[in-house]
Amino acid sequence: MDDRRLRDLIIRRIPGINSQERIRLYQEFDKEEGLSILSKRTIEDILGRELSRVSVNREDLQGQAERDIRTMRIRGMDCVSFVSPRYPPLLRELYDPPALVFYRGILPDPEQVLVAVVGTRRPSSAAVSQAFDIGKALAGAGIPVVSGLALGIDAVAHRGNLEGGAPTVAVLGSSPEEVYPASNRTLARRIVEQGGVILSEYPPGTGPMKWNFPARNRIIAGLARGTVIVEAPASSGALITAQFALDQGRDLWVASSGMSSVRGDGTRKLAGEGAKVISGAEDILREWGIVSEKALPRDQELLSGVRLASSLARKLNIEL
């Protein structure tokens, strides 16, 4: 069994410590070998405070971590810690980054720009159409969409992105094997099969607790260079994602379909506060100076294929 992975999971299972403290432990133990270093005294010395005896019962924590590994193997999952070179680089910029990320599928290329597309779970027909078109058009420019696999705008944006051939990224408020809602399990399977990823900061067996979703939204915004709010009521969780995007200095747009919708109070509020209104993905591409691959001449299409092959080779550790 991989001692480093087991140690990462043991640290993740220590109760009563926060994400920043877990990151400190990962950093301190990164170059250490073996599990003997995970003593209560060593952990307290690193954190600079006392922990309850129950918090660091090594045998119990190791047993739970070993069960996590078995579940991950059965469900096709993996995990990556903050100190790993495979950890998504933009997440490091968060004020409160996840210490350990669990995932099914292939993590996004660290050099690949991503766009978050989110909105209400009960969208208008105009918003559904626009979310799908944005996801598909972004795929045409080689840009994966990040969203939350929720009903409504999230699921539609993922589907549009998949339709356009991009490896879309779904961030859950539960562990990666606990897809919520259940009606999106087929979509989740399709995401993984088409080279995308389902990821979460929550370990195996974690259900969709309501307080997990606001925290999940910081990861959606954190992975993306920019965020699109398609249609959002005044109380929508999408507005939390918008605030995280602004806090991180990322681009923020609102879709035109939300400007006239009865469910678009939150969208209009963001526009009134300065968010740019877009009619489609082309507005994003124009602002970023990106040309859609669908509009490229044949020789540039070939170059695009070479870039794709190189990206896949890096992910699979194959020399071309």
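Of note:
- Search result, residues across segment 177-214 that are within 15 Å of the chain's Cα centre (by Cα), at pLDDT 95 or above and outside any loop (DSSP other than H, G, I, E, B): 188, 191, 192, 197, 198, 199, 200
- Filtering segment 221-236 to residues that are of a type in the set (Gly, Ala, Ser), touching a residue at least 60 places away in the same chain (Cβ under 8 Å) and over 20 Å from residue 93 (Cα atoms) leaves 232, 236.
- Selected residue [modelled with pLDDT of 95 or more, under 15 Å from the mean Cα position of the chain (by Cα), closer than 17 Å to residue 213 by Cβ and surrounded by fewer than 24 Cβ atoms within 10 Å (Cβ to Cβ)] from 147, 174: 174
- Residue 127 being buried (at least 22 other Cβ atoms within 10 Å of the Cβ) and under 17 Å from the mean Cα position of the chain (by Cα): no
- Options 113, 101: the member that is part of a loop (DSSP other than H, G, I, E, B) and either buried (at least 17 other Cβ atoms within 10 Å of the Cβ) or in contact with a Ser or Thr (Cβ under 9 Å, 6 or more places away or on another chain) (or both): 113
- Residue match in segment 256-263 (condition: surrounded by fewer than 24 Cβ atoms within 10 Å (Cβ to Cβ), aliphatic (A, V, I, L, M) and within 30 Å of residue 10 (Cβ to Cβ)): no
- Within segment 28-45, the set of residues being surrounded by 14 or more Cβ atoms within 10 Å (Cβ to Cβ) and at pLDDT 85 or above comprises 28, 29, 42, 43, 44.
- In the set (1) of a type in the set (Gly, Ala, Ser); (2) on the phi > 0 side of the Ramachandran plot; (3) in a helix (DSSP H, G or I), residue 222 fails one condition alone, (2).
- Check on residue 90, outside the structural domain of residue 282 (by TED's automatic domain parsing), part of a helix (DSSP H, G or I), aliphatic (A, V, I, L, M) and touching a helix residue (DSSP H, G or I) at 6+ places or on another chain (Cβ under 8 Å): yes
- Matching entry among 160, 165 (being under 21 Å from residue 137 (Cα atoms) and assigned to a loop (DSSP other than H, G, I, E, B)): 165
The values are calculated or read from the model by the stated rules, or taken from the named source; none is laboratory data. Since the structure is predicted, the reported quantities are computational estimates derived from the model, not experimental observations. Don't worry about glycine lacking a Cβ; one is built from the backbone with ideal geometry, like all the others, and counts go over all protein chains shown.
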